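To keep things clear, I will list the structure first and then write my remarks on it.
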Amino acid sequence: MTIKRMAFVQELLKFMGLEGRLHLEWISSAEAQKYVEVVTRFTEKIREMGPNPLRAMTQEVR
Amino acid sequence: MDIINEARQLLVQEKVDIFLGYRELDGHLIPHGYTRDNLDELEGLCVSQNRYPLEKTATHLAKKDPDLKIGLVARDCNQRTLNVLYTWNQLDPEHIKTIGVNCCPSPFKDHGDCTYLAPKTTGEYKKEHGIDFNAAPDLLLDSMTNPERFSRWMYEFNKCLKCYGCRNICPVCFCRECSLEHEGLIEPGALPAEVPIFHLVRATHMAGRCIDCGLCEDACPAHIPLRLLYREANEIVSGIFDFQPGMGVEKSPFSIIGDKIEAELKPLDA
């Protein structure tokens with residue numbers, strides 16, 4: 001069910017113009033190495049994309 | 001046989017207890033429930049381009065009295081809705097009788113499905129700053145970059161008056177408790193309505209459920225292209241799960257827990 005929902009939300013966010021800011025990965029508690037690798041890569045990816053435009057927008061309003 | 005006689009027979013033969021159709025009031029057709037006690041009223045039963053979610057009324061009636069037998073006039077979109085309501089156990093197909101009527105007339109097709117209805121006119125300002133009602137979802141995806149799509153949708157959502165009209169008219173919205181009224185999710189009294197959460201929550205709930213009747217967009221006083229948004233939501237669903245809401249009594253992919261699917265995780269670098 002999770003993978004179904006995530007696959008859907010990823011596509012919906014793409015339609016909204018927020019592509020690539022959501023990621024799903026199965027990582028077991030025994031896979032510390034994988035956890036570090038995935039989180040690092042995702043962080044780098046997000047940093048490259050820059051801050052979420054949504055945040056800038058809500059701050060503008062309030 | 002015309003619909004008046006058909007409806008009368010259903011009532012007289014006790015196949016239905018109430019028949020939902022339309023009657024004219026001040027030149028506009030409004031929904032009306034015809035019963036055995038007022039058979040004379042049936043003379044006023046008619047249909048036109050005016051549409052209301054009669055199935056929603058049926059759902060409310062069935063909630064009060066699950067054994068009530070309900071008849072209603074049904075276009076294509078009503079039939080699709082009924083299928084959705086059957087699969088979600090909101091209505092019992094045994095208790096529902098429909099009389100098929102022609103779909104909304106359209107310049108493209110005499111008995112056209114509503115998807116073929118005359119396109120809504122999109123004003124110059126909206127064309128420049130907003131989202132064209134008649135744009136196809138994939139066209140929007142192909143012709144605009146991510147930041148462009150983002151600002152367009154934010155422009156549309158910011159117009160929301162939070163009237164809840166889209167939810168109230170929606171024939172497949174039936175939850176007893178609505179997330180859109182949850183204080184923790186949507187701040188009460190705040191305008192515009194929690195952009196974009198309000199609209200994305202609704203879009204998510206429309207996945208695998210919306211039958212593209214377009215009533216939400218007709219009802220929206222702020223002219224937000226909701227139909228386009230929900231249409232894309234369901235194009236995603238049919239793309240990933242090969243599921244079309246309302247086409248049969250198959251269950252939505254989001255209502256089945258624990259079934260095996262072939263989906264793969266999206267790679268991080270995509």
| said: Any residue in the stretch B:121-145 that is in contact (Cβ under 8 Å) with a residue 12 or more places away in the chain sitting within a Cβ distance under 8 Å of a residue that is loosely packed, with under 11 Cβ neighbours inside 10 Å? List the pairs, counting only those 6 or more apart or interchain. | reply: none
| Flag if B:L268 is surrounded by 13 or more Cβ atoms within 10 Å (Cβ to Cβ), within 10 Å of chain A (Cβ to nearest Cβ) and assigned to a helix (DSSP H, G or I) | no
| remark: Condition set more than 17 Å from A:V9 (Cα to Cα) and small (G, A, S), scope the stretch B:239-259, selection surrounded by the fewest Cβ atoms within 10 Å (Cβ to Cβ): answer is B:G258
| field | Selected residue [farther than 20 Å from B:A207 by Cα, facing chain B (nearest Cβ under 7 Å) and not in a helix (DSSP H, G or I)] from A:E19, A:E25 | value | A:E25
| message | For the stretch B:200-213: of the residues being surrounded by fewer than 22 Cβ atoms within 10 Å (Cβ to Cβ) and either touching a residue at least 24 places away in the same chain (Cβ under 8 Å) or in contact with a strand residue (DSSP E or B) (Cβ under 6 Å, 6 or more places away or on another chain) (or both), which is farthest from B:R80 (Cα to Cα)? | response | B:T204
| Count of the stretch B:27-51 residues which are in contact with a helix residue (DSSP H, G or I) (Cβ under 8 Å, 6 or more places away or on another chain), under 24 Å from B:C216 (Cβ atoms) and not β-branched (V, I, T) | 4
| said: Step by step: first the residues of the stretch B:88-131, then only those that are surrounded by 13 or more Cβ atoms within 10 Å (Cβ to Cβ), of a type in the set (D, E, K, R) and at pLDDT 85 or above, then the one that is nearest to B:M154 (Cα to Cα). Which residue is that? | reply: B:D92
| remark: Within the stretch A:1-40, residues farther than 25 Å from B:L200 by Cα and touching a His at 6+ places or on another chain (Cβ under 9 Å) come out as A:V38
| task | Could you please find all residues in the stretch B:127-150 being more than 8 Å from chain A (Cβ to nearest Cβ), among the acidic types (D, E) and in a helix (DSSP H, G or I)? | result | B:E128, B:D138, B:D142
| Where residues in the stretch B:40-87 are part of a helix (DSSP H, G or I), in contact with a Lys or Arg (Cβ under 7 Å, 6 or more places away or on another chain) and in contact (Cβ under 8 Å) with a residue 24 or more places away in the chain, which of them is surrounded by the most Cβ atoms within 10 Å (Cβ to Cβ)? | B:V84
| task | Being touching a residue at least 24 places away in the same chain (Cβ under 8 Å), at the interface with chain B (Cβ under 7 Å from one of its Cβ atoms) and either within 28 Å of B:G208 (Cβ to Cβ) or within 13 Å of the chain's Cα centre (by Cα) (or both) is the filter here, so list the residues in the stretch A:28-56 that pass it. | result | A:K45
| request: Name, by its number, the condition in (1) in a helix (DSSP H, G or I); (2) of a type in the set (D, E, K, R); (3) away from chain A (no Cβ under 14 Å) that does not hold for B:K162. | output: (1)
| query | Is there a residue being outside any loop (DSSP other than H, G, I, E, B) and within 13 Å of another protein chain (Cβ to nearest Cβ) anywhere in the stretch B:205-221? | reply | yes
| Is it true that some residue in the stretch B:236-257 is at pLDDT 80 or above, out of contact with any Lys or Arg (no Cβ under 8 Å at 6 or more places or on another chain), facing chain A (nearest Cβ under 8 Å) and under 25 Å from B:K159 (Cα atoms)? | no
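The values are calculated or read from the model by the stated rules, or taken from the named source; none is laboratory data. Because the structure is predicted, anything quoted here is derived from the model rather than measured. Note that each Cβ is placed from the backbone with ideal geometry, even for glycine, and that neighbours are counted across all protein chains shown.
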